[in-house]
């Protein structure tokens, strides 16, 4: 069987493109050169947008049912290639092969399956029952129509899941795509373009252009881009907003997180410790939804820390291509250095590392899973996004204190509560400030295709996944049809005495609180020449409940 292999450069209008420019990616486990990738520039970006714009003319006109077949074919292409794809993600990004399959491929496949099954019903025209009694005869609805060319700019931490989920939603909604993958993981992004070709998507529907620096600005500022989907850092998100402002291009930003876990005194400590360790160290902590702060009730803090440390020490960190590896290297040297600096600073300010804490001398972007205690909000490790394998645990005296500290952040992406009490769970769900709150689990909801993903504050703007993510990618067109034979509407000119009397009676019918006034003004309204004959009495009768 032929091994799956992505192309080495841009895919534009269904074709491989030579650019004359290239950059080299590096193996995060060894630091050695991994692959040479052709880099696109302004010319390639313009060509990709033009191809997507042309393809939109026919792709956007297809029904959701027609697009469904392509999503099913794309899912089948992923299924056939999943072993090679998992190894590609492991080699290029650094997460273990098993984790690449679980955290990158499965969420992408679930999104493709969900959208292929349900996009037609989610995007079906929805009738609108007008509230205003005077409009009762009109037939109204909301239509969900594609926007056009979507720029999808994605990060290196989930180099397959994030772009594929977003590309799938764009396709389901009828849009075409220009995908700019992360510079650290371009071949995984190019793999998505190759899978789209394998699935028989028409040329130009999905274009992939590896690009860097100011060339990306060309995409952000392109007047033919209908919307930008960006996932990445807060700093770059600000840059996206500034560049998009020139053309008033709308965007969805999924930015950083400083996600908190609140552990109540009645938590199941064995389950909680296991959940915290996975939530903090999966993908080497390189997830905006990773657990980056824990607030544990003093009554159980010592026992919880003991179990967390024991489970962390059992983690096997090593070659991401080896089957027995739990934790691979970090993806980039710059991010590893940032994490190292945060940990060193915290220790200098009084924190203690019960595991890890020191950057090893080995080649590659390695940093050990690190559990910190004696931490407080004066430390950057408790307030700034870490995006690495670090788990700080703070001790609190009450649940209220834990919630207050958890909410004391510029970020509000996800949060979790750990308890066996229904009452406590309800309190945490209601009081934790975040886009997603989970009880007795964390991070998993990114992989659920029906669960919305997004946050508040510096965690971003808008939502992805599920029906809310799909609605970000359509124009909600309100439609109203009036085929009534009357020569005039009662609120049209002239504004004469009859109009004044009509409006007085209508106001009483619609807004008076007492029944006597509503009935009296209703009789007067029916006697109005402006009204009687314009709307059928039978139609009004069916709507009177809204006015009474």
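Listed here are the residues, each with its yes/no results for (1) outside the structural domain of residue 150 (by TED's automatic domain parsing); (2) more than 29 Å from residue 101 (Cα to Cα); (3) without any contact (Cβ under 8 Å) to a residue 12 or more places away in the chain.
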residue: 27; (1), (2), (3): yes, no, no
residue: 35; (1), (2), (3): yes, no, no
residue: 39; (1), (2), (3): yes, no, no
residue: 45; (1), (2), (3): yes, yes, no
residue: 60; (1), (2), (3): no, yes, no
residue: 86; (1), (2), (3): no, no, no
Quick count over region 241-281, residues being part of a loop (DSSP other than H, G, I, E, B) and in contact with a strand residue (DSSP E or B) (Cβ under 9 Å, 6 or more places away or on another chain), is 12
May I ask you to list the residues in region 363-390 that are within 27 Å of the chain's Cα centre (by Cα) and on the phi > 0 side of the Ramachandran plot?
387
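State all residues of region 521-531 that are out of contact with any strand residue (DSSP E or B) (no Cβ under 8 Å at 6 or more places or on another chain), in a helix (DSSP H, G or I) and free of Cβ contacts under 8 Å to residues at least 12 places away in the same chain; if no residue qualifies, say none.
Answer for region 521-531, where residues must be out of contact with any strand residue (DSSP E or B) (no Cβ under 8 Å at 6 or more places or on another chain), in a helix (DSSP H, G or I) and free of Cβ contacts under 8 Å to residues at least 12 places away in the same chain: just 523.
Test residue 336 against the criterion of being surrounded by fewer than 18 Cβ atoms within 10 Å (Cβ to Cβ) and assigned by TED's automatic domain parsing to the domain that holds residue 409, and give yes or no.
no
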Condition test on residue 197, is it touching a residue at least 40 places away in the same chain (Cβ under 8 Å), surrounded by fewer than 24 Cβ atoms within 10 Å (Cβ to Cβ), under 18 Å from residue 47 (Cα atoms) and touching a helix residue (DSSP H, G or I) at 6+ places or on another chain (Cβ under 6 Å)?
no
Identify the single condition in (1) under 26 Å from the mean Cα position of the chain (by Cα); (2) in a strand (DSSP E or B); (3) more than 23 Å from residue 228 (Cα to Cα) that residue 141 does not satisfy, given that it satisfies every other one.
(1)
Screening 260, 280 for residues that are farther than 23 Å from residue 364 by Cα and crowded, with 24+ Cβ neighbours inside 10 Å leaves only 260
Any hit, region 375-390, residues being surrounded by 18 or more Cβ atoms within 10 Å (Cβ to Cβ), assigned by TED's automatic domain parsing to the domain that holds residue 290 and in a helix (DSSP H, G or I)
yes
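Yes/no per residue for (1) surrounded by fewer than 24 Cβ atoms within 10 Å (Cβ to Cβ); (2) outside any strand (DSSP E or B); (3) touching a residue at least 12 places away in the same chain (Cβ under 8 Å):
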{"residue": "289", "(1), (2), (3)": "no, yes, yes"}
{"residue": "299", "(1), (2), (3)": "yes, yes, yes"}
{"residue": "329", "(1), (2), (3)": "no, yes, yes"}
{"residue": "341", "(1), (2), (3)": "yes, yes, no"}
I want to confirm something. Restricting to region 1-25 and keeping residues that are in contact (Cβ under 8 Å) with a residue 12 or more places away in the chain and part of a strand (DSSP E or B), which single residue is surrounded by the fewest Cβ atoms within 10 Å (Cβ to Cβ)?
24
Scanning for something at pLDDT 95 or above and in a strand (DSSP E or B), does region 156-174 turn up at least one residue?
no
Considering each of 91, 77, 100, 29 in turn, give the residue that is in contact with a strand residue (DSSP E or B) (Cβ under 9 Å, 6 or more places away or on another chain) and either modelled with pLDDT of 95 or more or part of a helix (DSSP H, G or I) (or both).
91
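Condition check ((1) crowded, with 23+ Cβ neighbours inside 10 Å; (2) within 29 Å of residue 443 (Cβ to Cβ); (3) free of Cβ contacts under 8 Å to residues at least 60 places away in the same chain) across all residues:
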site	(1), (2), (3)
160	yes, yes, no
164	yes, yes, no
177	yes, yes, no
181	yes, yes, yes
188	yes, yes, no
208	yes, yes, no
218	no, no, no
230	yes, yes, no
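The values are calculated or read from the model by the stated rules, or taken from the named source; none is laboratory data. Nothing here was measured: the structure is a model prediction, and the numbers come from that model. Using ideal geometry, Cβ is built from the backbone for each residue, glycine included, and neighbour counts are taken over all protein chains shown.
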